[in-house]
Amino acid sequence: MMRSIEKTVFLRSLNYLRVSHGYALWYNWIYPLVLGGATALGILQLVTATSLFEADGFVRSFTPVLSILAPFYIAALAAVATFSGNQSVDSPFDMSQPVLLKVIGDGGDWENIDVTPRHFLSLLFGYCTSLSIILLLVSIFAPFIAKLAEIAFCDWASFFLSTVFLVFAFLMSQLFLGTFLGVYYLADRIHRG
């Protein structure tokens, strides 16, 4: 799986998830899982899974926000790539644990490279861009997903839609937390050197 992500241009934005550091597991997986899971389970207690995916449902209500976020992340990515401030943005992180990214080296073997703040922010905003586009497509096609679930899964449609909503809430939580992590780095951390 990792080798295909590394070799496929269209999957390269997922490289952010391969950044390794002590906090990566928490910010990328545990916090979004807890936040998204609690949110989704709470909402599913109040309404049916099918109603979430209707034309005027909860999932569809994210379409306007998500349609704005993708260009925002692309602009943030461009700003980070051309940022000419403090030289520390191009030096590896100065932390107790290194921030590493596993890539395929010249010889075809896996090797770890040190991630700089600029590279980290580029990976983060690239991932957020892809995630917002995927979530936008899910929100746009939510009524079609509900109809397809009813046709394909009949009695299991509600279970299927609940599962899709849990994944949607998890990914929205990743997007939410990733955005705040990027804002933290751009607003504060990057200026500390």
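The values are calculated or read from the model by the stated rules, or taken from the named source; none is laboratory data. The shown structure was predicted, so the numbers you read here are calculated from the model rather than taken from an experiment. Cβ placement follows ideal geometry from the backbone for every residue including glycine, while neighbour counts extend to all protein chains displayed. These accessible areas exclude ligands, DNA and RNA; they are computed on the full protein's heavy atoms, side chains included. Shrake-Rupley method; radii C 1.70, N 1.55, O 1.52, S 1.80 Å.
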Practice problem: Can you work out the PRE-style zone for I134? Point 7 Å along Cα to Cβ, and I want the residues of region 175-189 with backbone N under 17 Å. | Solution: 175-179
Practice problem: Kindly report the accessible area of the chain per residue (heavy atoms of protein chains, probe 1.4 Å, no ligands, DNA or RNA), in Å². | Solution: 57
Self-check item: Relative contact order computed over region 2-110 (Cα-Cα under 8 Å; 6+ residues apart), in percent
Solution: 40
Quiz item: To the nearest 10 degrees, how steep is helix 63-82 against the longest Cα principal axis of the chain, on a 0 to 90 scale?
Solution: 10
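What percent does the relative contact order of the chain come to when contacts are Cα pairs within less than 8 Å and at least six residues apart? Spell out each step's value before the answer.
Working: 212 pairs, mean separation 66.3, N = 193.
Taking the mean separation of contacting Cα pairs over the length of the chain, I get 34 percent.
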Self-check item: Packing-based order for 101-111, 57-67, using average beta carbon neighbours within 10 Å, highest first
Solution: 57-67, 101-111
Practice problem: Give the angle, between 0 and 90 degrees and rounded to the nearest 10, that separates the Cα long axis of helix 157-187 from the longest principal axis of the Cα atoms of the chain. | Solution: 30
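Explain nothing, just the number: dipole magnitude of region 13-125 about its Cα centre with +1 on each Lys and Arg Cβ and -1 on each Asp and Glu Cβ, in debye rounded to the nearest 20. It would help to have the intermediate numbers written out before the result.
Values: 4 positive and 8 negative charges, 54 e Å.
Approximately 260 debye in magnitude.
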Quiz prompt | Dipole magnitude (debye, nearest 20) for the chain, charges at Cβ of Lys, Arg, Asp, Glu | solution = 120
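Full extension from L25 to R12: what is 0.36 nm times the residue separation minus their Cα-Cα distance, to one decimal in nm?
Working: separation 13, 0.36 × 13 = 4.68 nm, distance 1.92 nm.
Working it through step by step, the gained length comes to 2.8 nm.
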Practice problem: Of the options T163, N112, G126, report the single residue whose Cα projects farthest towards the positive end of the charge dipole of the chain (beta-carbon charges: Lys, Arg +1; Asp, Glu -1). | Solution: G126
Quiz item: Which peptide among 15-27, 146-158 comes first, and what is the full order, when sorted by highest mean count of other Cβ atoms within 10 Å?
Solution: 15-27, 146-158
Quiz prompt | Cα long-axis angle, helix 117-140 against the chain (0 to 90 degrees, to the nearest 10) | solution = 10
Quiz item: Compactness ratio of region 28-105: Cα Rg over 2.2 N^0.38 Å, N = residue count?
Solution: 1.70
Quiz item: What does the charge dipole of region 112-193 about its Cα centre add up to, to the nearest 20 debye, if the Cβ of each Lys and Arg holds +1 and the Cβ of each Asp and Glu holds -1?
Solution: 300
Quiz item: For region 87-193, with equal point scatterers placed on the C-alpha atoms only and solvent neglected, what are the log10 I(q)/I(0) values from the Debye formula at q = 0.20, 0.23 1/Å, to two decimals?
Solution: -1.03, -1.20
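With r defined as the distance between the Cβ atoms of Q87 and D114 and R0 fixed at 25 Å, what FRET efficiency is calculated, to the nearest 0.05? Please list the in-between numbers first.
Values: r = 15 Å, r/R0 = 0.61.
In this case the efficiency is close to 0.95.
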Quiz item: When you count, for each residue, the other Cβ atoms within 10 Å and take the mean per peptide, how do 134-141, 76-83 rank with the highest first?
Solution: 134-141, 76-83
Quiz prompt | Share of alpha-carbon pairs per 5 Å distance bin for the chain, given as whole % | solution = 1, 7, 14, 17, 17, 15, 11, 8, 5, 3, 1, 0
